[in-house]
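The values are calculated or read from the model by the stated rules, or taken from the named source; none is laboratory data. Since the structure is predicted, the reported quantities are computational estimates derived from the model, not experimental observations. Note: ideal-geometry Cβ built from the backbone for every residue, glycine included; neighbour counts use all protein chains shown.
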Amino acid sequence: MEALSWLIPLLVSFVVAAITTPLVARSACALGIVDHPSERSVSRRLNMPLLGGLAVAAGLAAGVGAGVLFAEDLIYTQRLGGLLVGVLLVVALGVLDDRRGLGAAPKLLVQVVAASIAIASGFRVDHLTDPITSTSLSFPPWLTWIGTTLWIVGITNAINLVDGLDGLATGVGAIIGGTLTVIAWQAGSSLGICVGLALFGALLGFLPFNFAPARIFLGDTGALLIGFVLSLLALEGTRRLALLTFVVPLLALAVPILDTGLSIFRRVRLRTPLFRADRLHMHHRLLASRGSARAAVLQFYFVTVCFCLIALSFTRIRGIVAALFLTVVILLTLRLLWNLGALSMQPEEQPAGGELAVGPGEEQP
């Protein structure tokens, strides 16, 4: 298929998301589905419309639909059906959560059901590749289901956790989605390319409305949607790559995974509930150190881009070189986390005067 044809899902998703975002914002305000700042929130703006994820979902669906119609080598497959049904469940969950505020148990249950549908349709982690010898170890079916469920649910919630600043989850999702699309292209997966480009275009269409100062928030509807689709994209892109099955998607998703892992470790160590919100996430620390929400978000983008470039490089190396490269990446990551203060269990101190500096048009956190 000609590369020019792949512009169709990208452009369609971009246009649809850009057009529907203002409509979704007005509808959310009319229905009273607006943000209520909490202790985890940086923004203190009242009546900020949620449900931005509906615009992203509309763009994604339109882009995928256009890809299926116009891509010669992309037909409706079982995996695509499982992805769309899972997306529908996750979006419905997000809308209910944004509207009423659901507890952790029902949200986890729906996510597991959505993950199970995706696994049954063909999205799964069924082997692990040794980075030195390039030999693969196949998993038994029960371990495949458990491992893949943990992966999908974990990534889905990891993106939700980084959704703390204007444009943060949207931009990070676009960067990672673009990276996973390239990996899908390397693997020869038409489905991965189509879904990845549709997600990338939808997020770019939504980002101007969501970047600081935001006019609409993703809400759990958008954050959960982005995480769910990225988790499946990672599985689809590496499904046909025999090298470093886990390492490549882990590196591409390193920033949200690290933030989630550190949050769990911190709460276990401090003996606080796992699902209690706090202001010790990486984006909170970046905001404290940079003093500006925009600067913090751009720094987060930069770190994400670095890890995504490393992930792409791992698709082209093997053997002892891959193992040595991975060791260096781990050491540099630890140093980066130390510099950011992310390994500390205590919150960062604010600048003198107790207030954070903000840029033009930004809200005081």
> Within segment 152-163, how many residues turn out to be modelled with pLDDT under 90 and part of a helix (DSSP H, G or I)?
Replying inline: 7
>> When the residues of segment 184-210 are narrowed to those that are free of Cβ contacts under 8 Å to residues at least 60 places away in the same chain and crowded, with 23+ Cβ neighbours inside 10 Å, which ends up farthest from Leu165 (Cα to Cα)?
In response: Ser189
>> Suppose the filter is surrounded by fewer than 22 Cβ atoms within 10 Å (Cβ to Cβ), out of contact with any strand residue (DSSP E or B) (no Cβ under 8 Å at 6 or more places or on another chain) and of a type in the set (S, T, N, Q); does Thr181 pass it?
In response: no
> Within segment 279-298, which residues are at pLDDT below 80 and either at positive phi or of a type outside the set (Gly, Ala, Ser) (or both)?
Replying inline: Arg279, Leu280, His281, Met282, His283, His284, Arg285, Leu286, Leu287, Arg290, Gly291
>> Kindly evaluate Gly147 against the criterion of being in a helix (DSSP H, G or I) and closer than 17 Å to Tyr301 by Cα.
In response: no
